[in-house]
Amino acid sequence: MKTRSIIGSVLAAVVIFQSCTKEETAVPQVTLIQSIVKDIPADTIVGLSPIGQPVGVGKFTFYSLETNAVIPNTDSNSTKWDIGLRGSTIITNGGTSGPGKGAAFIYVGTFDELTKVPADSTFRVDAAPNYAITAGSNKGWYLYTPQTNLVTPLPGRVLVFKTASGKYAKVEILNYYKGGVTPAATAPDNVKIFSQRYFTFKFAYQADGTTNFK
Amino acid sequence: MKFAIQFPNLKLFLTYLFSSVLFIYSKGQLKEDSLFSQSLDNVVVTATRTPRLMGNVAIPVSVINTKTLYQAGSLRLNDILAEQTGINIVDNFGKGVQVQGLSSEYTLILVDGEPLIGRTGGVLDLSRISVRNIRKIEIVKGPSSSLYGSEAMGGVINIITDGSGVNKSDFGLRYGSFNTIDGSFNFSRRVKKTDVTASVNYNRSAGYSLKPNQQQKTVEPFWKTVQQLSLNHQLSENWKLGSGFRRNVTYIDNTIEVSNQGIAVLSKGFERNDEYNITPYLQYKGNKVRTTLRGYITGFESEQLLSVKGSSNTYNDRFDQLFSRVENQTDWQIREQSAFTFGAGHIEESVASNRYDSLATKRKNSISYFFAQHEERLTRKLTAIGGFRFDANEAYASVWSPKMALQFKPDEKISINISYGRGFKAPDFRQLYLNFTNLAAGAYSVFGSEVAAAELQRLSALQQIDQVTGVMGGLTALRPEISGGLNLGARLKLKDGMQIGANLFRNDITNMIVTDIVAFKKNGGQIYSYFNLKSALTQGVELDLDKRISKTFTLKAGYQYLYTADKDVLAQIRKGEIFQRELTSGSSVRMKASDYAGLPLRSKHSANLKLSYETAKGFFATTRLFYRGRWGTFDQDGNGIINRSDEFAKGFLHVNASAGLSFRKHWKLMAGLDNLLNYKDILNLPGTPGRVGYIDIQFNF
């Protein structure tokens, strides 16, 4: 199982140097971190059950949006991680899932359009089996098409998270398959089965504790 | 809510019949009228259900004659239809036809005026129908439910086999790629006052593989036979009696490789489709009145048997459909300039299948209907037709289907037609009674609307239901799908034997039946049922050109531009509610209406060109090109619609060529090559094997 490392941490906040006036030069505070994370395995398929169901080992992959890194599974009971991924299930570090302040909701719109968490937003807290990010096809973040046996992230869905420490982040899941490429609808079933459960997502994390994503 | 009208009983129908017979007797003998005695070749019957000169029909209609069929080397109905303007063949559950952007389930296929049954997933496989014994094919575009009832939404394709009264017989034998053998014998004789037409066709092929290293062939070896007999007896000057008998068997040798959750399982077995029909009739033909009493009994039995290699598991699928109908049609030439047609009929339909419940449970439906049509030549230049049909169904709501058409012919060279009609498609047995659970792919189930509530209750009692969705409340009796179709056409005869035609069309379909999720199972599987939810539109223009270049060369060309859309999707896009995912970045953006490519499997552009050369001595050569632009296949970016460039199959160009000659009076020899460019698309065109050749000999006597 090859896991590609995190690629491309990009500083999105543009550093603007104020012109030389008599005032003191403000030190620009870069608090918004944007990144694209590729190929995070999320309980990938290790084999087939006796009745032919594809199965993984059943463990979550934890990710810290704050440090932009995968957190070892042994730290599951800590506030080191912000989101957990297992198959199509996404959890937050809060409620029944973890000790942190995690919560989430799904915003309908594009990633760029969401410049600030709307004031009237309601964050949901994990209460297994009802997670803040609703599980199930066409109910939460993805669409499963039985005819093609493919899972596709719904376009126009931004997952807005409160991290374990109570900061704000927005995530757009871009792809669910290895290499960030959804197999063709006509690809063989075993290709689809064994290349699934690899997350590619884009996120922005606001370190200053505000709800701004600008 | 069911809406049943009490017309569906045989008693009323018989009363109707009796009165129409009385009516005929009261008319007595009148002088011979040209209306009923047209010569056959330039006469069409499908558009108005009465014989009319081709140029005098206010509805878009085209004809493919025996010569065209022969010269194109066509064996099956899909071969020849693929070369026609505005018709696409879609390879899905067999070769289905697409007319004016409407799919196979909305196109009625008739053989000698009687509907063919036996559809899979709504698709009537055209490769079931041999075109070796037929006289012509008439294609009517736009809704014609006013005359034909259900399924006549996109159009009607009528295959006319009848060769009555022509003393002509032939033997034909063909050999082609993939060990394809086609043998046919057609016989037609008039013996005293009886016309006998008989034909037999046998077709087989070894099939082919497009994907190497697979045990399962793309097209499995098959054989098909058609046997047909028609008897027509002139009882007296005015009365005629007859019947047709037809049987069509298809046998496919199946080896199926099923990948069940990644494990390839090989199954062997067969698929057999057996279709028969009997068409007795009694006709009275006077000078001004003609009335026909027809019976039609047809059955379609389909069986699929597969046994899994190395296990005792067998898969058996059976589908038995029976359709019988009795109908009367009366044509009355009231005056020289006005003709009236009316009729009524009763249909009994039943299906037994283990896809539904069990073979022991017969699902039934009965339909009674009546129709009327009036044609009036208002002035020398203007003709109007108006008609309607009413179908009262037992299993779903009743339907009115009106139709109006106008033809304006300012002179011999120009004709302008406008027609509007409503079409409908009755919910089929699958949509009403299907009971299917797929354990392999996501454990989803599909239940027909009539059985869904009971099945949900059953699963709920077993504690298998996790959650019921909002659409559950809408789980009501299905209504027929309805379309309104407008056609505006013009035809111009120019100098030097050149003709051009154009037809603008627009079809608005409402009440479209689609599947939607009614509940989720605890194991994660979804439960689907059928709903009248969608509305769609198809519109476009069809252009054709016919030109005689010289005494020996003729040119035909056609083009269709097609725009289709799901109306609800279109409205959502306009409100900015639909997103798409960019191909390279993967980011979501709001969609524009111009990004929407409409309904899947539709090509925006399609065109054809045919060049033929023919000498008086019986030598001919043809080159036929047809182009089909790219078409949407599957959604890849999660919005469920076709919009992104990777969601299309590539467009293609096919070039077919044939040549032949007649010799020694009785013999005809021809050879041909299809798909000269050897175009293949394994995924999207499994029915296109690449370049194929054939040689064909015919003996006429």
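The values are calculated or read from the model by the stated rules, or taken from the named source; none is laboratory data. Not measured: the values here are computed from a predicted model. Note: ideal-geometry Cβ built from the backbone for every residue, glycine included; neighbour counts use all protein chains shown. Ligands, DNA and RNA are excluded from the accessible area calculation, which covers all protein heavy atoms including side chains. Shrake-Rupley method; radii C 1.70, N 1.55, O 1.52, S 1.80 Å.
Listing for the model above:
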{"read-out": "Cα-based convex hull volume of segment B:398-445 per residue, rounded to whole Å³", "value": "144"}
{"read-out": "Where A meets B: accessible area buried, both sides, 1.4 Å probe, Å²", "value": "2400"}
{"read-out": "Contour excess over end-to-end distance, with Cα ends at B:Lys551 and B:Asn42 and 0.36 nm allotted per residue", "value": "181.2 nm"}
{"read-out": "Lys pairs under 24 Å by Cα in segment B:519-580, provided they are eight or more residues apart or on distinct chains", "value": "4"}
{"read-out": "When each of B:Lys141/B:Lys425; A:Lys192/B:Lys592; B:Lys211/B:Lys268; B:Lys136/B:Lys193; B:Lys95/B:Lys403 is checked by Cα-Cα distance, pairs over 20 Å", "value": "A:Lys192/B:Lys592; B:Lys136/B:Lys193; B:Lys95/B:Lys403"}
{"read-out": "Residue list for segment A:128-142, given a label point 7 angstrom along the Cα-to-Cβ vector of B:Glu577 and an amide N cut-off under 17 Å", "value": "A:138-140"}
{"read-out": "Calculated from backbone phi, Karplus (6.51, -1.76, 1.60) coupling profile of segment A:77-83 in Hz, x at Gly/Pro", "value": "9, 10, 9, 6, 10, 10, 10"}
{"read-out": "Candidates per trypsin sites (Lys or Arg not before Pro) in segment B:624-671, loop by DSSP, up to 14 other Cβ within 10 Å", "value": "B:Lys650, B:Arg664, B:Lys665"}
{"read-out": "Where labels lie 7 Å past Cα in the beta-carbon direction, separation of B:Leu382 and B:Asn354 in nm", "value": "6.3"}
{"read-out": "Long-range amide H partners of B:Ser398 with built H, under 5 Å", "value": "B:Phe3, B:Asn393"}
{"read-out": "Positive dipole terminus of the protein assembly as shown, leading residue within B:Gly73, B:Phe171, B:Ser594 (C-beta point charges)", "value": "B:Phe171"}
{"read-out": "Cα gyration tensor shape of chain B, rounded if a/c is under 1.5, else prolate or oblate by comparing a/b with b/c", "value": "rounded"}
{"read-out": "Exercise: per-residue mean of other protein chain Cβ atoms within 10 Å, A:136-147", "value": "5"}
{"read-out": "Kyte-Doolittle mean at least 0.0, axial Cα span of 15 Å or more - DSSP H helices of chain B", "value": "B:10-27"}
{"read-out": "Dipole magnitude of segment A:9-206, debye to nearest 20 (Cβ charges: Lys/Arg +1, Asp/Glu -1, about Cα centre)", "value": "260"}
{"read-out": "Accessible surface, segment B:10-548, averaged per residue in Å² (probe 1.4 Å)", "value": "41"}
{"read-out": "Dipole axis of segment B:441-580 (+1 Lys, Arg; -1 Asp, Glu on Cβ), positive-most option in B:Gln467, B:Tyr561, B:Ile527", "value": "B:Tyr561"}
{"read-out": "Global size of the protein assembly as shown as Cα Rg and Dmax, reported in angstrom", "value": "31.9, 119"}
{"read-out": "Segment B:289-345: Cα Rg divided by the 2.2 N^0.38 Å rule of thumb", "value": "2.26"}
{"read-out": "Of the GluC sites (Glu not before Pro) in segment B:509-595, those whose Cβ has at most 15 other Cβ within 10 Å and which sit in DSSP loop", "value": "B:Glu577, B:Glu582"}
{"read-out": "Gyration tensor verdict on segment B:73-138 (Cα atoms; rounded if a/c is under 1.5, prolate if a/b is larger than b/c, oblate otherwise)", "value": "rounded"}
{"read-out": "Assigned charges on the beta-carbon of Lys, Arg, Asp, Glu; segment B:323-441 dipole about Cα centre (debye)", "value": "260"}
{"read-out": "Label point distance in nm, A:Ala69-B:Thr218, each placed 7 Å from Cα along Cα→Cβ", "value": "5.2"}
{"read-out": "Number of partner chain Cβ atoms within 10 Å, mean per residue of B:642-652", "value": "1"}
{"read-out": "B:Tyr315-A:Lys116 pseudo-label distance in nm [points 7 Å out on the Cα-to-Cβ vector]", "value": "5.8"}
{"read-out": "Dipole magnitude of chain B, debye to nearest 20 (Cβ charges: Lys/Arg +1, Asp/Glu -1, about Cα centre)", "value": "1860"}
{"read-out": "Segment A:9-206 - percent of accessible surface contributed by carbon and sulfur, probe 1.4 Å", "value": "54"}
{"read-out": "Accessible carbon and sulfur surface of chain B relative to its total accessible area, %, 1.4 Å", "value": "58"}
